[in-house]
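Novice: Provided herewith is a single structure, encoded as C-alpha cells, for subsequent inquiry.
We did not get these values from a lab; they are worked out from the coordinates using the rules stated. Here the structure is a predicted model, which means the values were calculated and not measured. Using ideal geometry, Cβ is built from the backbone for each residue, glycine included, and neighbour counts are taken over all protein chains shown.
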Amino acid sequence: MIESDTSTSELPSFNLIEQPWLLARDQNGETSELSLVDVLRRSSQLAGLVGDVPTQVFALTRVLLAVLHGALRGPSTVEYWEALWEAESLPMDTIEGYLNRNRDRFELFHETTPFMQVAGLRTAKGEWSDLSKLVADVPNGRSFFTTRLAKDLSLSYAEAARWLVHCQAFDPSGIKSGAVGDDRVKGGRGYPIGVSWCGQLGGLLPEGRTLRDTLLLNLIPHEISNHTSVVDVPSWERPPLGPGEQDPEFLKPAGPVALFTWQSRRIRLNPQNGTVISVLICNGDKLAPQNMHTTETHSAWRYSDPQSKKFKTTVYMPLKHNEERAIWRGLASMLPDYARGQGAEAARRLTATVTEWLGYLATEEILDRTYPIRVRTLGITYGSNESVIDEVIDDALSIQAVLAARDAEPLKGVAESCVEASENAAKALGFLAADLTVAAGGDPAGPRARAAEDAYAALDPLFREWLSALGPDSDPTERQISWHRTARETVGRLGQDLVRAASPASWVGRVHNKRVYTTAHADARFRTALREALPMAGVSEESPVNKPAA
C-alpha cells in the first residue's frame, strides 16, 4: 500500500476516442495500438483485437459492442443487421457522431467523469495501491505471465486503460480498499463481494474473418434479444457513479449493453509524469449470477439443483470452463439445442444467446453456411476464496456456420456423438493402462488418468481438423465413419505402445478381486472396449500381441 496521495491537481488528457490504446492485429499478423475510432474505422482490414492477456480481448470486445449498440440505437431489427453485414464497413459517420457526443466520458483522467472510474475516489488515509492489484499477470504471491516484473511497476496510459477495462470485468474477490462515501466499508476495508462480472462466466466469443465480422456476429438485434436501447445503455450514457453502490433501481442491469460495461469495482488511476504509477480499487456493484441467462449473452448456463432448492424456483448458473478439458469435449453446450423446452423437466443446459443468434443466421441463410466461425472460450479460474487468479482460460474451435443451423441436426448430432465416442475410446485406453498396472501389482489410478490424457492429447488436433471440415455438403454417416476410423487408429496405436512397454511381471499377471489380470487379458479387454466405443470404424483383423522376450 502506497501511503500518500501522489496525484497532481492538474490532470493529463488522454481521450480513448482519438488516442491509441487498443491492441489490434492486421491480416499479416502485425500488432499495433489504435484509438477507438481507428479500430472501428479499420475493422474490415483488421483480423481482431489482441490483449496483454487473452481475457482482455473478451472485455474490450464487449466495450466495442457497447459503443456500436449505443451508436446504432440497436440494431433494432434483423433487417437492419443484414444491411450492416452486407456493407463493406461500419457506418462510421453515425459512430463518430455518437462518440463525439459522449466525448468527455472517454477521457481517461477527466476531472469529474473519468472513463470507467470514479472522480475523487479516495480512502480515509489517502492511500494508493501498487499496480499489481490492477495487472492480472502480476497476481498476489507469484507471477503467471511475467510480462511486467519491475519492482516499481508503472504503465503507459494505453496499458492502464486496457487493464482498467479488464479489472472491471475480471478482478478477483477479496478485501478491497475502503472508499470514503461507501456505506459498506468497515474499519477502512471493503469486504469481499465476489469477482467482477465476467469472472463469473464461461465466456464464449464467436470470431469471424475480420474484426468487423466479429463485432457484427456478436451484435444481437433487439427483436432477438428482447431488449431495447431506451433503458439498456452503456455506463457512459448514465450519470457518473459515486464511491458507493448504485441506486437500487440500477442494481439489476437493464440488458446486455449494461452488462458489457458493468462496473463491479470503483477505480481511480493515479497518473504522474506521463505514466500511471498506482491505482485505487474499491468495491463496486455486486451482481449475482443466478438466472442472468436472459440478460447475459456470452455464456452458456447449467441447471443448478442446490440453487433451485434454495430459491424455490428453477435457477440457472453460468457454465464455467474447465481448464483441464479441451473445448471440443464440451461441444454440446456450445451449439444451439433446438430440443430444449420440449420436455416437462427444466433443461439441464442453456445455450449462450450469442450462439442461438448464430443459429438463427445460419438457419435463415442470412449467414453463408460455409462461413468459418472461430468459437473462442475465455475465462479465469480463481483460487483462495476467489481472491487470486489461478488460471486464464483461452481455447478456440473452428466450425462452419451450418453446425449451428436448426435443420442441420443430423450433422450436429454426428459431431456430438463423435465427441462421446472419443471420450469412450480415451476411457478404454485408461482402463488398459490400469489393467496392466494391476497385473504388475501396482496402483492403477495414476496410470489410468495419464493414459486417458494421452489419448485426448493425440485426438485433439485431429478432432479439431475433422470438425472444421464439417460443412453443408458433408454426409453425416460418412463423416462419422471417417472419425471413428481415425480415432481407432490413433488410440489403438497408443494401446499397442502400452502393451509393448508392459513389464514381464504383468505378462505373468495375478488374480485381483477374483479377476485375472495379465497383459494378454488387458489387451483383449482393450480391443473389445475400443470396438464398442468406435463401432463405425468396422472390425479388422488385428495382429496378435507378441510376448516380449524374457
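Novice: How big is the dipole moment of segment 410-537 about its Cα centre under a simple scheme where the beta carbon of each Lys and Arg is +1, that of each Asp and Glu is -1, and everything else is neutral? Debye, nearest 20, please.
Specialist: Taking the Cα centre of segment 410-537 as origin, the dipole is about 600 debye.
Novice: For a quick size check, give me the Cα extents of segment 410-537 along its three principal axes, largest first, whole Å.
Specialist: Result, largest extent first: 53, 22, 21 Å.
Novice: Another question about this same structure. Tell me, what is the percent relative contact order of the chain, built from C-alpha pairs under 8 Å that lie six or more residues apart?
Specialist: With pairs under 8 Å counted, the relative contact order is 13 percent.
Novice: So which aspartates and glutamates can Lys286 reach, going by Cα to Cα under 17 Å and dropping same-chain residues fewer than 8 places off?
Specialist: Of all the aspartates and glutamates, those that pass the test against Lys286 - Cα under 17 Å, at least 8 places apart if same chain - are Asp171, Asp182, Asp183, Glu245, Asp247, Glu249, Glu296, Glu386.
Novice: Select from the chain the helices, each a whole stretch of DSSP H, whose alpha-carbon atoms run 27 Å or more along the helix axis and whose Kyte-Doolittle mean is at least 0.0; answer none if there are none.
Specialist: Span-like helices, by this rule, are 54-72, 409-439.
Novice: Another question, then. How big is the Kirkwood radius of segment 1-139, worked out from every pair of different alpha carbons and given in Å to one decimal?
Specialist: 17.3 Å
Novice: Moving on to the next point. Seen from all sides and averaged, what is the projected area of the convex hull of the Cα atoms in the chain, in nm²?
Specialist: On the way: hull surface 120.6 nm².
Reported value for the Cα convex hull: 30.1 nm².
Novice: I would also like to ask the following. As a test of the formula, what do you get for the chain when each DSSP H run with n ≥ 4 contributes -39,500 (n - 2.57) and the sum is divided by the residue count, at 222 nm and rounded to the nearest 500 deg cm²/dmol?
Specialist: After summing the helix terms and dividing by the residues of the chain, the value is -11000 deg cm²/dmol.
Novice: Follow-up question, since we're still on this one. Over 21 Å between Cα atoms: which of Lys125/Lys186; Lys125/Lys252; Lys186/Lys252; Lys125/Lys176 fall into that group? Please list the in-between numbers first.
Specialist: On the way: Lys125/Lys186 14 Å; Lys125/Lys252 32 Å; Lys186/Lys252 25 Å; Lys125/Lys176 14 Å.
Beyond 21 Å between Cα atoms: Lys125/Lys252; Lys186/Lys252.
Novice: Right, next: Sort Ser173, Ser468, Ser13 so that the residue with the fewest other Cβ atoms within 10 Å of its own Cβ comes first and the one with the most comes last.
Specialist: Numbers: Ser173 20, Ser468 16, Ser13 10.
Listing Ser173, Ser468, Ser13 from fewest to most nearby Cβ atoms yields Ser13, Ser468, Ser173.
Novice: Let me ask you something else. For segment 324-457, what D do you get in µm² per second when you plug the Kirkwood radius from alpha-carbon pairs into Stokes-Einstein at 4 °C and 1.567 mPa s?
Specialist: Rounded to a whole number, D works out at 74 µm²/s.
Novice: Please give the charge dipole size of the chain, origin at the Cα centre, charges +1 on K and R Cβ atoms and -1 on D and E Cβ atoms. Round to the nearest 20 debye.
Specialist: With only Lys, Arg, Asp and Glu charged at Cβ, the dipole is about 2000 debye.
Novice: Hey, another quick one. Which whole-number percent gives the relative contact order of segment 410-537, counting Cα pairs below 8 Å spaced six or more residues apart?
Specialist: 39 percent
Novice: Quick one: length gained pulling Ser76 to Asp407 fully straight, 0.36 nm per residue minus the C-alpha distance? Display every interim value, and only then the final one.
Specialist: Values: separation 331, 0.36 × 331 = 119.16 nm, distance 2.60 nm.
Extending this stretch completely gives an extra 116.6 nm.
Novice: What does the net charge come to around Gly181 if you take all other residues with beta carbon closer than 13 Å to its beta carbon, with K and R at +1 and D and E at -1?
Specialist: Once positives and negatives cancel, what remains is +1.
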